[in-house]
Structures are given as structure tokens and as C-alpha cells.
2 protein chains.
Amino acid sequence: MKRYLALAEGYSGDDHYGKTTYGVIRYGTDPVVVVLDSARAGQTVGGVPVVASVADALAYEPTTALVGVAVAGGRLPPVWRGILLDAIEAGLDVEAGMHEFLADDPELSALARERGVELRDYRRPPADLSVSTGENLQHGAAVVLTVGSDCAVGKKTVAVELDRAARERGLRSVFVPTGQTGIMIAGWGIAVDAVVSDFLAGAGERLVVEGAKRGDLLFVEGQGAIVHPQFSGVTLGLYHGAAPHLLVLVHRAGDTEIEGSPGNPIPPLPELVDLYERLALPARPARVAAVALNTGRLEEDAAREAVAATALATGLPTDDPVRFGPDRLLDAVLERLPSGITRR
Amino acid sequence: MKRYLALAEGYSGDDHYGKTTYGVIRYGTDPVVVVLDSARAGQTVGGVPVVASVADALAYEPTTALVGVAVAGGRLPPVWRGILLDAIEAGLDVEAGMHEFLADDPELSALARERGVELRDYRRPPADLSVSTGENLQHGAAVVLTVGSDCAVGKKTVAVELDRAARERGLRSVFVPTGQTGIMIAGWGIAVDAVVSDFLAGAGERLVVEGAKRGDLLFVEGQGAIVHPQFSGVTLGLYHGAAPHLLVLVHRAGDTEIEGSPGNPIPPLPELVDLYERLALPARPARVAAVALNTGRLEEDAAREAVAATALATGLPTDDPVRFGPDRLLDAVLERLPSGITRR
């Protein structure tokens, strides 16, 4: 079993850019035993102690260092080079989901060879990807895609929670990872934002075809948002490639503007629901089955009010699956699976 | 000056998959002096003679062989290897816009070194691309993007025609290439379908920022279609990255379904106009200024009727800029540039 040192320098207190650390601590198969972030040493993240350096981390006996941040552009700040070299020098394998691959870095890979450790790049796409072929319409599984009002609002978390609840009910459910953190959690998948654009839908298709071999009900991790100025292309390519039967819209309560993008408001949720539904391909119409509301920034009472208000505004079943449990959303999904899809 | 041998084996009679050959013959700066397609030797393409082999082509004194087909997935059928080796052996430089790069092929690159010829891969993305930054909203140029109802309906051609007409009127207009054929025509650009998906909008942004250094009015070549099951991600990423002020919708008269995609009808054009306009980012609203109707498959009378019917159905200025000249569409674009953008 791996024991992770999550490298979160500068971001261990930030569930946006540090979301890989948070995701693997919460949902990963292998435990995160220690987190590195020099400014927050002595504190904890999700119950895991934070230390200042790789040297300090070794007391927790990690086997593997994990790049636990997701910075825009997927390239690390220069300060990270020293941390990675320290980890390799200490004999740890290193795993990352960046656009710049660890194994392609001459200095890192030379030291890794010398120390006999592995560098694993989870964002490296399969070499044989191509355009989609229509297989996404031919497998036998039911496909549910989480879609968002912005990046980093909880699309992966909602897919993971719904999958877990479905398996607890005895369904042959599968979480389908489409980004680096999801891949680290589940141990398979494709980081669709790292593939050649022409092959985006091809990557989405391959993931659901693979998922359909693993189970009957697929919860596909969505990416970005259709209204996101930087990542909308990934959102739409994955949507059309995954060809879902149902969507679950994920929104953070209170958010009104795309983060970091002044002048780009998030449309009212009923409009966003309509836009996502209109963009479904005629060959595979998709409806929004429910709204997953991320109320993590609200107090309990305000969270309940926000859930009720969102349900009223959208006319859709709404809940926060992390705070209040995923059962209500899962019920909504299962009830709305189009006829003709087996409910196994 | 280069003299091109266009390699179009199997596709010289096909303006879809052979569209690179057609585009460079029609609009390229350097002349295509001969076309290779063994099944059609003795015929002509756009006035250019077709021959059966590289050996036969040499009589026309080409300097450079051009891969003149655009096959889905960007990978060539095996029969092409012999043709490419023949061209290199004959001392010709070779240019291509495939996803598989000529220069990365050990056999081709070894022979190219031996023969002292160059291999140029126009689809290779810049190494330093990243996510978009907002610069697409800050330059001073007016941006017009062609968008389509399908692939291979004429988005590049319409952008080239409008740009040429604008320059003839003395405007500082620029054609902004976003695909391999456009790059071969104009000598610069980025094949946005070959970039890492996360950087799609970043590539669109870089192209308009670069275009704004070259002129005041940019006609950006669109890609794919928002309703295309394989390439919609590229379409939307380019759209949001280029951040156009106006759109020109390109449609082939009579088309009712996405080519090669049974069950995916093209929406009625007024719906498609609405969908493209709704997908504009709030920070840069975009309206469809006109419809460019590709009537290439119709007789003259039917073409005029189709133009009139489309204008009536959409309420938008409509014309076939190739058949009837680009002036009417250019007028529509110039009239509809939002106030605040200088009409230079």
C-alpha cells in the first residue's frame, strides 16, 4: 500500500488550487499520511498533519510524494523544483497530474534513475487516442455526467459521492475519472484536458466505453463549465464524447461570477440548465436530473435555505450531497433514467 | 518561391477530405503546379494537372510536396508512406498538417537528413502555450469569427474571401488561420485542434492578439460546429478564446444532418444562430452578422433561391461569397460592428 506525502506548498489552506490534496485525502484508496506546506506547518488539513519540508515529512514514513496542487496551466512555480528533488533524493516515488511531465524533465528523471524511484504522470494521455467513432451510443451502461457553473465547485466530489452511494445500494456503479485528481483517487482514467483538442470527444467516448466494461451505471466527472472563458471547450468536448443520458448540475451556493473572470457572471441556474440541455446531441438527448449545491461556505441554516431556494428556482431536486448525504440526489437520478435503460 | 506538388492520393476529387489541396490551389501564396492522385492521373483539379506518381510529377519542377488531404484523426493511411519516401528521395521538402508529425517519424526524418530536405509540420503547436489570460478582451482590433453548421462547409474560405475583399477596400484586414490549410495559405497561425485541450482558448487568444498586431479587422477561421459530436469542443474553445465581436454563420445549402453522424440533424438555422449567440461570453457578447451560404452543389437558379430563402428564414443578410462575391456579406459585417469599435 502507498502512503502519500501530499505536496501542497502554498496551497494547503486552499480547496481550489489545493483541490488534489483535498480530493485524495477525502476519497483516495491509499492514505495521505502527511502534507507539506512550509507556511502552515503544525496545522492540519482534513485531519492530516502539515509539515514544512520533505525532511520533516519522513517521520511519517511516506512511500510516495504526490503533487497535490492544480495550478492553472498545469505548470509549477520554480520553488517546487527543490521540493521535488528533495522527495526523489529521499527515495520517494513521485506522482503528478501536470501538463509538464515529471518524466520529461532531464534533472528530475536523472535523479529518479539514480535513486531508483518512479515518476508517474497521470495527465499523460494514451498514445493511441483519436476522434470519437459513435461507440459512445452503443454500449449498455447508463451514463450520468456532472456539469458545473464554474471550475472547482465539486463536480468530481459529486460524482464520487453518487457512485459510492449507488454501490452501497448494491448497484454496479462506476466512478469515471476525467482529471488528474480523479485518476489518483480511482487508479484509472484520462485527464481529458491534456489530450489533443481534436480527440476530446474521443477521450470522453473511450472513458464511457471502458466504464461500461466495469459496470452498468457510470458517474462521469465533469470538467470546467460551458460558460467558462478558459475551459468551456473541454466541457463541451467531454459532454459530447461521454454522451450522457442524464446530467447533475453542480453549483456553489452564492457564486455569481466565474472565479477570476470579471465581467462573466454565472447565468441564473434555470438558464444554465436550459443551456446544458440544449447542447445535448440529438442522438443522445440529456436532461438535468438534479442540482448538487455546494454549501461548504455557509452555516447549516443558510445551507438548508439555499437548497430550498435552489429547488424552487430550478424546479429540480436539490441537495448538498457532502453535507446532507447523496441519497436524495441519487434517488432523483435513478427515477429519471430514461425508459429503455435498464435499472439494474 | 515554392512550387507545390500537392499529394492527394485517393482524394483529389473530394473537396471534403481533399480540402487542403483545394484550399492551397485556390488561395495559397505559392502555386500548386501538379497534384498526385494515381486513380485520376490525366485529369485536373482547379486547373492543375493530376499525375500518378512522384516520378511523373517531377516534370513540373516542384520544390515542395504538400500533404493535401485532411483525414479524420490526422493520421495517414499506410499507402502514403511510400509516396512520402518517394518525395523525399526526389529531393523535395515536405509540408504537412497532420496530428502525427513527419519530423517525429524515424524513417522519414532519417531519409530527409540524408537527402538534405526539410520536413515542416504545420500542426505542431507552439511549445509555450497556456490558458487564456483575458488579453483577448484588451487588444484594439475588431474580431469576426466564422462559425459553421458542420465541418468542411467553407468557414476558412469565407474568412479568406471577406479578408481579401476588406483589403481591396483599403482596410487593414487580416485573415487569422486556425487550421493546417489556413496556415499553409497564410504562412502563420496555430492549428487549434492540435493543442492540449486546456490551452484551446489560450491558442484562440494568442491568435487574435497576434492578429491585432498585424491589422485592425480580423477574420478568424472557425473550426467544426457547436453541434458536431466529434469537434464541438474545439469550436467552443476557439470561440471563447478568440472572443469575437461578430460571427458569420457558414452553412452548405441543403445539408440537414451532420456529415457522417446519423441521428444528429443540423438544427434549423435560426436555432443555430440563437445557440451561437447564447454561447458568447457576457464579457464579449457576439451577434451573427450574416449567413454565408455554400451553394456549390446547386445550379445557379437554385442557388439564388436558396440564398433568398435563408435570408427570409434567418432575417439576416445572406449570400454565397464564392459564387456571388463577398461584398454583400462584408457590408453586413462592417455595418454591424458594435459601436465603440473603430471602423478604420
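Placing a label point 7 Å from Cα along the Cα-to-Cβ axis, B:Gly46 is separated from the same position in the other copies by 5.5 nm, shortest listed first. Placing +1 on each Lys and Arg Cβ and -1 on each Asp and Glu Cβ, with no other charges, gives chain A a dipole about its Cα centre of roughly 960 debye.
With one equal scatterer per alpha carbon and no solvent term, the Debye-computed log10 I(q)/I(0) for segment B:24-111 at 0.15, 0.16, 0.18, 0.22 1/Å reads -0.57, -0.65, -0.83, -1.24.
Peptide A:220-228 has a mean of 2 when you count, residue by residue, the C-beta atoms of other protein chains within 10 Å of its C-beta. Considering only A:Ala90, A:Val117, A:Val54, the residue lying farthest towards the positive end of the dipole of segment A:4-121 is A:Val54, judged by Cα position with unit charges set on Cβ. Ordered by the count of other Cβ atoms within 10 Å of each Cβ, fewest first, B:Val176, B:Val71, A:Val250, B:Val220 give B:Val71, A:Val250, B:Val176, B:Val220. The dipole here belongs to segment A:4-121: it is taken about the Cα centre, uses +1 on the Cβ of Lys and Arg and -1 on the Cβ of Asp and Glu, and is about 260 debye. Calculated translational diffusion coefficient of segment B:173-254 (25 °C, 0.890 mPa s; Stokes-Einstein with Kirkwood radius over alpha-carbon pairs) equals 191 µm²/s. Evaluated at q = 0.05, 0.08, 0.11 Å⁻¹, a Debye calculation over the C-alpha positions of the protein assembly as shown (equal weights, vacuum) places log10 I(q)/I(0) at -0.25, -0.65, -1.16. If I fit a long axis through the Cα atoms of helix A:232-242 and take the longest principal axis of the Cα atoms of chain A, what angle between them do I get, 0 to 90°, rounded to 10? So the helix axis and the longest Cα principal axis differ by about 70 degrees.
Positive end of the charge dipole of segment A:135-336 (Lys, Arg +1 and Asp, Glu -1 on Cβ, about the Cα centre): tell me which of A:Ser261, A:Ala311, A:Ala243 has its Cα farthest that way. Result: A:Ala243. Can you show me the helix-derived [θ] at 222 nm for chain B, built from DSSP H runs with n ≥ 4 at -39,500 (n - 2.57) apiece and divided by the number of residues, rounded to the nearest 500. Mean residue ellipticity at 222 nm (helix-derived): -10000 deg cm²/dmol. Within 10 Å of the Cβ of each residue in A:272-283, the mean number of Cβ atoms contributed by other protein chains is 4. Reported to the nearest whole Å, the Cα centre-to-centre distance from segment A:251-304 to segment B:109-126 is 48. Find the lysine pairs in the protein assembly as shown meeting two conditions, Cα atoms under 27 Å apart and a separation of 8 or more places or different chains, and report how many there are. Counting lysine pairs in the protein assembly as shown gives 16.
Comment: the Cα-to-Cβ extended label point of A:Arg81, at 7 Å, lies 4.0 nm from its counterparts in the other copies, nearest first.
Enter the Cα centre distance for the pair segment B:1-41 and segment A:12-78, rounded to the nearest angstrom. That distance is 55 Å.
Which distances, shortest first and in nm, link B:Trp188 to the matching position in the other copies, using label points set 7 Å out along Cα to C-beta? When each copy's label point is compared with this one, the spacings are 4.7 nm. Among B:Leu330, A:Leu337, the order by Cβ neighbours within 10 angstrom, fewest to most, reads A:Leu337, B:Leu330. Okay, which of segment B:321-338 sit inside 16 Å, backbone N to the point 7 Å along the Cα-Cβ direction of B:Ala309? Those under the cut-off are none; the list is empty. Rg of the Cα atoms in segment A:135-336, relative to 2.2 N^0.38 Å, amounts to 0.94. Exposure proxy shown here: for B:Lys213, B:Lys155, A:Lys2, the number of other Cβ atoms within 10 Å sets the order, fewest to most, as B:Lys213, A:Lys2, B:Lys155.
Take the Cα of A:Glu61, step 7 Å toward its Cβ, do the same at B:Ala110, and the gap between the two points is 5.2 nm.
Here the alpha carbons of segment A:1-63 define both size measures, Rg and Dmax, at 10.3, 29 Å.
3J(HN,Hα) couplings calculated from phi for segment B:165-178 with the Karplus curve 6.51 cos²θ - 1.76 cosθ + 1.60 (θ = phi - 60°) are, in sequence order, 5, 5, 5, 4, 7, x, 7, 7, 9, 9, 7, 10, x, 10 Hz; Gly and Pro show x. In degrees between 0 and 90, to the nearest 10, how far off the longest principal axis of chain B does helix B:327-336 point, with axes built from Cα atoms? Result, in degrees: 50. Give me the one-decimal Kirkwood hydrodynamic radius in Å for chain A, with the sum taken over alpha-carbon pairs. Evaluated over chain A, this radius sits at 20.5 Å. Assuming charge only on the beta carbon of Lys and Arg (+1) and of Asp and Glu (-1), the dipole of the protein assembly as shown about its Cα centre is about 560 debye to the nearest 20.
Here, P(r) means the percent of Cα pairs in each 10 Å bin from 0 to the largest distance; for segment A:222-339 it is 13, 43, 36, 8, 0.
Looking at the calculated P(r) for segment A:1-150, what percent of the C-alpha pair distances fall above 27 Å? More than 27 Å apart: 28 percent of the Cα pairs in segment A:1-150. Antiparallel beta bridges, as assigned by DSSP with both residues in segment A:193-344, represent about 10 percent of the total such bridges.
A short reminder: the numbers here are calculations on the coordinates, not readings from a lab. A quick note: this is a predicted structure, and the numbers were derived from the prediction, not measured. Methodologically, a virtual Cβ is constructed for each residue, glycine included, from the backbone with ideal geometry; neighbour enumeration extends over all protein chains shown.
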